[in-house]
Structure formats: C-alpha cells, structure tokens
Amino acid sequence: PPASEPSAQPPGAVMRWLGGGFRESLPFVVEEYYSAFVLPHIFVMLWSYCFTTASLVMVLAGAVGAWYWRETGDELRGLPVARSFIRFMCFHLGTAAFASFVVALLWLVRLTFEYVAKKLRVVQAVPAAAAMICAISCCLQCIERAVRYISRNAVIVAAIHGQGYCWSAGRAMSLLMGNALSLGAVMATAYLLLFFGRLFVTAAATTIVWAILSYNPTDSPEVLALHAEERVPVATLTCTALLAWLVARVIINIHWIVIETVLICFFDDADSDEPMQVTRNIEGRMLQQKILANPLPETRKEAEARRRHRRQQFAVERNGHEMGEA
C-alpha cells in the first residue's frame with residue numbers, strides 16, 4: 001500500500017514551536033543558561049557598534065584620501081564616497097572587523113571588571129583593596145582609550161594605503177609620534193572650533209523654535225501681549241536643544257574625521273622625498289600660524305635648483321673678482 005503522507009501539524013503546534021515551544025524537547029533547561037548568554041550578547045552589541053564606527057571612518061577617510069592624493073591640477077573623480085565604499089566592501093571589511101574586535105574586547109573587559117567590582121562591596125570596605133580596584137579600573141580605561149585612538153588612526157591609514165591593520169597601526173603611530181607637537185596644536189584648535197560650532201547650532205535651533213512658538217506676525221497686539229505674559233515652553237525648548245546638540249554632534253564628527261584624515265595624509269606625504277603641492281600649501285599655513293615648528297625638508301628638485309643657483313652666484317662673483325684684478 002502507498003506510504004501515508006505525514007499529517008500537517010495544527011496551527012497551534014506551529015505557533016507554540018515558533019514562540020519557544022522547542023525548548024521542551026531540549027535536553028537542558030534554557031533558563032539555567034541565561035546568565036551565560038549575557039556576555040556574548042553584550043560583546044556582539046559592542047562589536048557591532050565599533051564595527052559600524054570603523055566602517056564609517058574608513059569610508060570617509062578613503063574619500064578624503066582620494067581628494068588629497070590626486071595629481072596637481074587634476075579634478076576629483078565623480079562619486080568619491082561611493083568609490084570609497086566599494087573599496088571598503090571589497091578589500092577592508094576584515095580590517096574594520098579586526099580593529100573593532102580589539103576595541104570591543106577591551107571595552108567588554110573593562111565593563112566586566114567594573115561590574116564585578118561593584119558587586120564586591122565587602123572588598124571595597126578595605127581601603128587598600130578599594131584603592132587597588134580604582135587603580136586597575138583607571139588603567140583599563142586608559143588602555144581602552146589608547147587602543148581606540150590607535151585603531152581609529154590605523155583604519156584611516158589602511159583606507160589610504162590599502163594595507164592591513166598591523167602595518168597601518170605601526171605607520172599611524174610612527175607618524176603621530178613624530179609630529180606630536182603639531183598634532184596637539186591642530187587638534188586642540190579644531191576641537192575648540194567644532195565645540196563652539198555645536199554650541200552655535202544648538203543655540204540657533206533653540207532660538208528659532210522659541211521665536212516660532214511665541215511670535216506670529218498675523219496676531220493682533222492684544223494677542224501678542226497675551227503671549228508675552230505666558231510661560232516660556234521650557235520642556236519643548238529643552239527637547240529642541242538636546243536634539244539639536246545630538247544632530248550637530250553627528251554632523252561635526254564627520255568634520256573631525258576629515259581633519260584627522262587630512263593630518264595623516266599631510267604627515268605621511270611630508271615624510272616622503274618629494275612632498276606634493278597641497279602638502280606645501282598646508283605647510284605654509286601651519287608655519288604662518290606657528291603650528292609647525294620647522295619647515296619640511298627640501299624636495300630633490302628644490303635642492304638641485306638651490307645648488308644650481310648657488311653655483312651661478314659663485315661663478316658671477318668669481319668673474320667679477322677676476323675683472324677687478326685685471
């Protein structure tokens with residue numbers, strides 16, 4: 001006789017299975033392992049956040065690098081951000097994943113240590129133990145911030161040169177350590193300017209919302225006087241200020257990435273034998289503002305031109321001296 005076809009399950013059984021009913025057929029109790037699932041979920045969340053940030057930095061750095069390293073007089077090719085995104089998807093996904101993995105792992109270690117330290121209230125009652133816990137927490141936070149900064153600059157160098165994470169991290173550290181004074185001066189100035197930019201955007205948005213809510217040109221003088229006596233909408237203006245601050249921070253952080261990328265390109269090109277014209281232009285601005293202590297080394301062409309000019313001056317002086325003796 002023909003084999004009987006399996007009967008379809010009732011809709012209730014399917015819904016129970018999709019709603020978590022499969023746990024009844026497992027050889028263990030799922031609820032007993034909830035505590036073990038917390039750390040993997042937190043790590044994946046941190047890793048996803050760090051990977052998204054590293055991807056954004058790499059895409060923007062690739063577009064800025066394409067603008068900086070183009071030949072003098074050449075126009076920038078169309079859609080630089082799209083081209084940078086394609087290069088990132090094809091060649092740099094592993095670099096961004098590894099850089100974000102390192103940062104997320106250190107972040108998770110610091111959060112786990114702080115959580116355990118808060119649970120050990122008996123140990124914190126001892127002054128020496130509390131001081132040791134505070135010192136370890138401070139060291140972990142310093143290490144995390146240092147690795148985060150190195151990884152950020154490493155992905156910028158990787159987006160420019162197309163190299164791996166380790167080589168890019170070493171190159172970034174050599175460039176930053178060799179130009180520490182100029183880097184500090186530029187970053188401090190840029191941070192102040194961008195901070196005041198966020199303040200200006202927040203104040204302007206809040207003022208515009210307040211003006212819209214409190215003034216209407218079609219109202220009569222009596223209505224305007226009535227509005228003047230009403231209370232200021234503090235809650236609405238506070239929400240507007242917070243939203244404007246967040247939006248301004250997101251947009252201005254893009255400018256911060258551009259500044260970091262231009263600085264990395266400048267330091268990298270200045271370390272070469274023949275810096276580009278854009279590097280010379282930035283050098284002149286930095287020397288004028290006394291941000292760069294010493295000028296960049298001469299290129300080969302400039303050194304040859306300077307030696308040729310000195311030989312010509314020496315020949316003219318020697319001919320004049322011989323004519324004088326004659």
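Computed quantities for the displayed model
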item	result
Flag if Val147 is in a helix (DSSP H, G or I) and either closer than 16 Å to Phe51 by Cα or open to solvent by less than 40 Å² (accessible area, probe 1.4 Å) (or both)	yes
Residue within the range 93-113 that is open to solvent by 90 Å² or more (accessible area, probe 1.4 Å), at pLDDT 90 or above and either within 24 Å of Ile252 (Cβ to Cβ) or in a helix (DSSP H, G or I) (or both) present	yes
Matching residues, the range 124-142, being surrounded by fewer than 14 Cβ atoms within 10 Å (Cβ to Cβ) and of a type in the set (A, V, I, L, M)	Ala125, Val126, Ala128, Ala131, Met132, Ala135
Close pairs (6 angstrom Cβ cut-off, 6 or more residues apart or separate chains): within 24 Å of Ile252 (Cα to Cα) and among the polar types (S, T, N, Q) in the range 202-213, open to solvent by less than 40 Å² (accessible area, probe 1.4 Å) and in a helix (DSSP H, G or I) anywhere	Thr202/Ala241; Thr202/Ala244; Thr206/Leu237; Thr206/Thr240; Thr206/Ala241
Exclusive hit being under 29 Å from Val258 (Cβ atoms) and either touching a strand residue (DSSP E or B) at 6+ places or on another chain (Cβ under 7 Å) or basic (Lys, Arg) (or both), set Arg171, Arg110, Arg121	Arg171
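The values are calculated or read from the model by the stated rules, or taken from the named source; none is laboratory data. From a predicted model like this one, the values you see are computed outputs, not experimental measurements. Here the Cβ is made from the backbone with ideal geometry for all residues, glycine too, and neighbour counts use every protein chain on show. For accessibility, only protein heavy atoms count, side chains too; no ligands or nucleic acids. Shrake-Rupley method; radii C 1.70, N 1.55, O 1.52, S 1.80 Å.
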